[in-house]
Amino acid sequence: MARIELAPEVLDDFDRIVDHLSEFEADHISQRIGEIADAVQVLQHSPLIGRPVKGGKRELVIGRGSHGYVALYRFVAAIDKVFVLAVRSQRESGYKHPT
């Protein structure tokens, strides 16, 4: 079972997501964050489930539509560890910090 480690920048991503949700969906903040956290935990058992992207990274698609998010991560098989690098809404055009 792979271990999961969040990059420090992911906390900024969650802050940005919470700020957005508090503006438009204040009643569902904990539910949305919980959905993202639960989806990331799937990577413990299936670290290659995400779609491949350049640079040896992968993207895990979480939910869909206005409730959809994407987690950018890298799986290092040699140490059986998943490094979550960024999280964004599917509607955002890119990640907010360099990865």
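The values are calculated or read from the model by the stated rules, or taken from the named source; none is laboratory data. The shown structure was predicted, so the numbers you read here are calculated from the model rather than taken from an experiment. Please note: Cβ atoms are built from the backbone with ideal geometry, for glycine as well, and neighbour counts cover all protein chains shown. Please note that ligands, DNA and RNA were not included when accessible areas were found on the heavy atoms of the full protein model with its side chains. Shrake-Rupley method; radii C 1.70, N 1.55, O 1.52, S 1.80 Å.
Checking G63, G50, G68 one by one, the residue that is among the small types (G, A, S), open to solvent by 20 Å² or more (accessible area, probe 1.4 Å), within 17 Å of S89 (Cβ to Cβ) and touching a strand residue (DSSP E or B) at 6+ places or on another chain (Cβ under 8 Å) is G63 and no other.
On the given criteria, is A71 touching a helix residue (DSSP H, G or I) at 6+ places or on another chain (Cβ under 8 Å) and aliphatic (A, V, I, L, M)? So A71 passes the test.
If you go through region 16-30 and keep only what is open to solvent by less than 80 Å² (accessible area, probe 1.4 Å) and either of a type outside the set (D, E, K, R) or under 23 Å from L43 (Cβ atoms) (or both), you end up with R16, I17, V18, L21, S22, A26, H28, I29. When each of D13, D38 is tested for being assigned to a helix (DSSP H, G or I), among the acidic types (D, E) and open to solvent by 60 Å² or more (accessible area, probe 1.4 Å), the lone residue that passes is D38.
Residues in region 40-76 that are small (G, A, S) and in contact with a Leu (Cβ under 9 Å, 6 or more places away or on another chain): G50, A71.
Within region 53-81, the set of residues being of a type in the set (D, E) and either under 12 Å from R3 (Cα atoms) or touching a residue at least 60 places away in the same chain (Cβ under 8 Å) (or both) comprises D80 only.
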